[in-house]
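To keep things clear, I will list the structure first and then write my remarks on it.
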Amino acid sequence: MKKILFVASECVPFVKTGGLADVVGSLPKNLDKAQCDTRVILPQYECMKEKYKSQLKSLCYFQMDNRIYVGINTLVLDGITYYFVDNNQYFSGPKPYFDLFSDLERFAYFAKAVLSALPLIGFRPDIIHAHDWQAALVPVYLNTIFQGDPFFRGIRTIMTIHNIRFQGCWNVGHLKWISGLPAECFQPGKLVSPYQDTSLPFDEWNATMLRGGIVYSDWVTTVSESYAKEIQTPSFSDGLDDILKWRKDRLLGIVNGLDYEIWNPKTDKAIAKNYDKRNFWSGKKENKKALQKKFGLPEDPDKFTLGLVSRLTDQKGLDLVDGIMDSLMREDVNLVVLGSGDERYENMFRYYAAKYPGKVAVLIGYDEELSHLIYAGADAFLVPSAFEPCGLTQLIALKYGTLPIVHEIGGLKDTVKPYNQYEHTGTGFSFAGYSSHELLDRINHASWLYREQKEEWKAMEKRAMAEDWSWTESSRRYMDLYNSL
Ligand code: ADP
C-alpha cells in the first residue's frame with residue numbers, strides 16, 4: 001500500500017480559484033484505495049468555508065526553527081484525510097492569494113512547514129506529490145536541509161505543473177532570505193536559470209521556485225500530453241524549456257479527469273432540468289430557457305447560444321473574442337459570459353453587453369452555481385485560449401452536450417475531436433491558427449450546422465456526452481507512476 005501526500009495551495013471543496021482546486025479535490029478520491037492511501041495537505045486559509053473550519057480537529061502545533069508557529073489541524077471528508085497548516089499571520093485575509101511578493105514568503109513557509117510537521121502527524125508518505133509553484137519548494141527542502149534526517153530518507157517526489165505561466169519568481173537575494181535554502185540551490189541550473197543578465201550582481205538574478213521543484217523532484221508531470229511537449233519549447237515554457245528538455249525522460253503528460261459526481265447533467269441540482277443521452281434535446285432547451293430568463297435575454301429555445309465561463313485573463317484568448325464581436329453580432333446568435341479577472345476584459349464584456357442588449361449577457365463575478373446552468377443551457381462553448389495546459393471547461397461542456405469551440409492547443413487539442421462532416425465524427429470545433437478570423441469561421445460553421453443540419457448537430461452532442469473524461473484512465477496512469485517509484 002503506497003502512502004501518498006498531495007501538497008497544494010487550493011482544493012475543492014475548501015477553497016478554489018481555478019482548475020488546480022478541481023484536480024486536487026478529485027484525483028485523490030479517484031485513486032485505487034486498495035493500492036494507496038492518499039492524503040492532502042493545504043494552507044488553512046481564514047477565507048475557507050465556515051462549514052469546514054468548524055469541523056477541524058487540532059493534531060499538533062510546534063515552533064518551526066524555534067521561532068515560527070505551525071499548527072496542524074485535520075478533518076476527514078468522503079474518506080480522504082485532509083491536513084491544514086495553520087498560521088494566522090500567513091493565511092488570514094479574504095482570499096488565498098495576494099501580491100506575488102508576499103505570496104512567495106507565505107508559500108515558502110508552507111512548504112517547509114509541511115515537511116517539518118510530517119514526523120508529528122503519524123503519516124509518513126512514500127511519495128510527496130507537489131502541485132504548482134506554491135508547493136514547489138517541498139522537493140527542494142526535502143533534498144537539501146531535510147536530507148540528513150533518517151525520517152525523510154527514501155521519500156520520493158513528483159512535481160505537477162498545472163500552469164507554467166505561474167512560477168514563483170523573484171531575485172536570488174529575496175528567495176534566499178525568505179526560504180533559508182542553502183547557497184547550492186541557487187547555482188545556475190537549479191533555482192536560477194543559466195540565462196541571466198550577467199552585468200547585474202548575483203543577488204539580483206532571477207530565481208524561480210517552480211524551477212527548483214522541477215530540478216529536485218524524481219518525476220515531473222503536467223496535465224496533458226500536448227502541453228508536456230509544448231513546454232519543452234521556448235514559445236510555451238516561460239523560460240523553463242532548458243530544464244524541461246533536460247528532464248524530458250522524467251516528464252509525463254497525464255490529462256486531467258473530471259469529477260462526474262459534481263459535473264453530470266443527469267444529477268446536477270444546480271440546473272433547471274436534468275437530462276442524459278436519451279432526452280438531452282428537450283432537456284437542454286429547458287435549461288436554455290432558464291438561462292435566458294436568468295440573464296434577461298428574450299426567451300427563445302431555438303436561438304443558437306454560445307457560453308463562456310472563464311478567468312478573464314490574457315491566457316484565455318479573449319482578445320480573439322474582442323476581434324469578432326461586431327461581426328458575430330450581425331448573426332443570429334446569443335452570447336452568455338460568466339467570468340472575472342483583468343479589468344480590461346471585465347470592461348470589454350460590460351461594453352459589449354451594453355452595446356448588444358438582448359444578445360450579449362454578461363455577469364462579472366465568480367458563481368459556481370450559475371456556471372452549471374451555462375454549461376447545461378448553451379449550445380456551444382468558447383475556449384479560444386492562447387495556451388491551455390489541460391482545461392476543464394471544455395470537458396464539462398462535453399459532458400453537458402454543449403459543443404466546445406477551441407483553439408487546437410495543449411489539453412484542448414487532446415480532448416476535443418474536431419468535427420468531420422464526411423466521416424460524421426467529432427465532438428466539437430477547433431482552429432489551428434490563433435486568429436480572430438479562424439475563431440469566427442468555426443463559430444459560424446457551428447451555428448450553421450445547428451440551424452441547417454439538426455440531425456448532424458444532435459448526433460455530435462450525443463457523441464460528446466458519450467465520451468468518458470472521468471478520472472478512470474488518468475488515475476490509472478498516476479497509479480502506474482506511483483507504483484514505479
Ligand atoms: P483555469 O484553471 O486556467 O482557470 P480550467 O479550465 O482548468 O481553467 O478550470 C476552470 C474552472 O473554474 C472550471 O471549473 C470553471 O467552471 C471554473 N470557473 C472559471 N471562472 C468561473 C466563474 N467566473 N464562475 C464560476 N466558475 C468559474
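The values are calculated or read from the model by the stated rules, or taken from the named source; none is laboratory data. Since the model is a prediction, treat every value here as computed from it, not as a measurement. Here the Cβ positions follow ideal geometry from the backbone for every residue, glycine too, while neighbour counts run over all protein chains shown. Quick note on the areas: whole protein, heavy atoms, side chains included, nothing else; ligands and nucleic acids left out. Shrake-Rupley method; radii C 1.70, N 1.55, O 1.52, S 1.80 Å.
Sort out which residues of segment 113-136 are closer than 13 Å to G168 by Cβ and of a type in the set (A, V, I, L, M, F, W, C), and write them in order of number.
Of everything in segment 113-136, those that are closer than 13 Å to G168 by Cβ and of a type in the set (A, V, I, L, M, F, W, C) turn out to be A130, W133, A135, A136.
Mind telling me which of the residues L440, L449 ends up being touching a Phe, Trp or Tyr at 6+ places or on another chain (Cβ under 6 Å), open to solvent by less than 50 Å² (accessible area, probe 1.4 Å) and in a helix (DSSP H, G or I)?
L449
Counting only residues that are open to solvent by less than 40 Å² (accessible area, probe 1.4 Å) and farther than 25 Å from I409 by Cα, how many does segment 313-331 have?
So the count comes out to 1.
Could you run through segment 372-393 and say how many residues are within 11 Å of the ligand (Cβ to nearest atom), over 21 Å from F431 (Cβ atoms) and open to solvent by less than 10 Å² (accessible area, probe 1.4 Å)?
Going through segment 372-393 one residue at a time, the tally reaches 2.
Go through segment 153-163 residue by residue and tally those that are touching a Leu at 6+ places or on another chain (Cβ under 6 Å) and either over 21 Å from I121 (Cα atoms) or among the hydrophobic types (A, V, I, L, M, F, W, C) (or both).
Summing the residues that are touching a Leu at 6+ places or on another chain (Cβ under 6 Å) and either over 21 Å from I121 (Cα atoms) or among the hydrophobic types (A, V, I, L, M, F, W, C) (or both) in segment 153-163 gives 1.
Please list, ordered by residue number, the helices (runs of 4 or more DSSP H) wholly in segment 1-107 having 2 or more residues that are within 16 Å of the ligand (Cβ to nearest atom), under 30 Å from K316 (Cβ atoms) and open to solvent by 20 Å² or more (accessible area, probe 1.4 Å).
Filter on segment 1-107 gives 19-30.
For segment 219-231, state whether one or more residues are open to solvent by 10 Å² or more (accessible area, probe 1.4 Å) and in a loop (DSSP other than H, G, I, E, B).
No: segment 219-231 contains no residue that is open to solvent by 10 Å² or more (accessible area, probe 1.4 Å) and in a loop (DSSP other than H, G, I, E, B).
For segment 296-312, name all the residues that are within 15 Å of the ligand (Cβ to nearest atom) and open to solvent by 30 Å² or more (accessible area, probe 1.4 Å).
R311
Output the number of the condition that A361 fails; it satisfies all remaining conditions of (1) in a helix (DSSP H, G or I); (2) within 20 Å of L440 (Cα to Cα); (3) open to solvent by less than 10 Å² (accessible area, probe 1.4 Å); (4) more than 8 Å from the ligand (Cβ to nearest atom).
The number of the failed condition is (1).
So, in segment 128-158, exactly how many residues are in contact with a His (Cβ under 9 Å, 6 or more places away or on another chain), more than 15 Å from L118 (Cα to Cα) and not aliphatic (A, V, I, L, M)?
Matching residues across segment 128-158 total 2.
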